[in-house]
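Below is one structure; the comments refer to it alone.
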Amino acid sequence: MNKKQLAELAKLAEQETPFTKLSLDNLSNKEIIRRQLQVEIEKHIRAKEASSGLVERIRKVADMSLARARTAAQTERTRALNGTRIADAIRQYQADYEKAAKGHRKRPELPRFQWINPRTAKEPRHEHVAISGDVRPVGEEFLPSLRYPGDPQAPASQTINCHCYVRRVR
């Protein structure tokens with residue numbers, strides 16, 4: 001892995017995960033609501049609330065129906081869980097890479113992740129079921145434009161209400 005590739009991985013690790021593309025289209029004051037939602041998500045995480053707590057927070061801020069708020073909560077949960085796993089693995093890889101470079105040791109391998117479709121969704125995406133069990137190095141796409149479940153750069157059609165997750169493979 002060269003320095004340019006390492007820098008690209010670092011960008012991925014530091015990437016913000018903006019609130020889901022879902023649900024904001026018909027709202028006025030999108031930016032204000034987006035910021036309020038981000039604050040509420042952070043409060044939810046700090047408070048270690050059950051999923052229903054996040055749903056209620058989203059409903060109040062965005063004035064959504066219960067079904068839409070549940071979808072938004074699931075989407076954000078998937079994005080946060082998987083984004084954190086990816087970012088943590090990249091940070092560890094960077095630290096190991098730097099140690100290896102200083103100590104003239106063998107460079108570490110890129111972290112690898114396995115896509116898991118838990119089949120808990122009522123209507124799972126066929127593409128997600130098909131790649132369940134596949135393993136890829138971090139940063140490589142599982143599907144076109146989809147590096148991990150909840151990828152903020154992926155099309156909304158691949159991330160909204162996704163229940164999938166990645167598991168690190170050693």
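Any read-out appearing in this document is the output of simple, stated calculations on the displayed coordinates, not a laboratory observation. These numbers come from a predicted model, not from an experiment. Positions of Cβ are generated from backbone atoms using ideal geometry, with glycine treated the same way; all protein chains shown enter the neighbour counts.
Some values worked out for this structure:
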| read-out | value |
| --- | --- |
| Filtered trypsin sites (Lys or Arg not before Pro), the stretch 62-133: DSSP coil and at most 10 other beta carbons within 10 Å | 105, 106, 122 |
| Tail beyond 13 Å, pair distance distribution of the stretch 98-170 (Cα, percent) | 66 percent |
| Computed lengthening from residue 95 to residue 43, 0.36 nm per intervening residue step minus Cα-Cα distance | 15.7 nm |
| Selection of GluC sites (Glu not before Pro), the stretch 111-170, meeting DSSP coil and at most 15 other Cβ within 10 Å | 140, 141 |
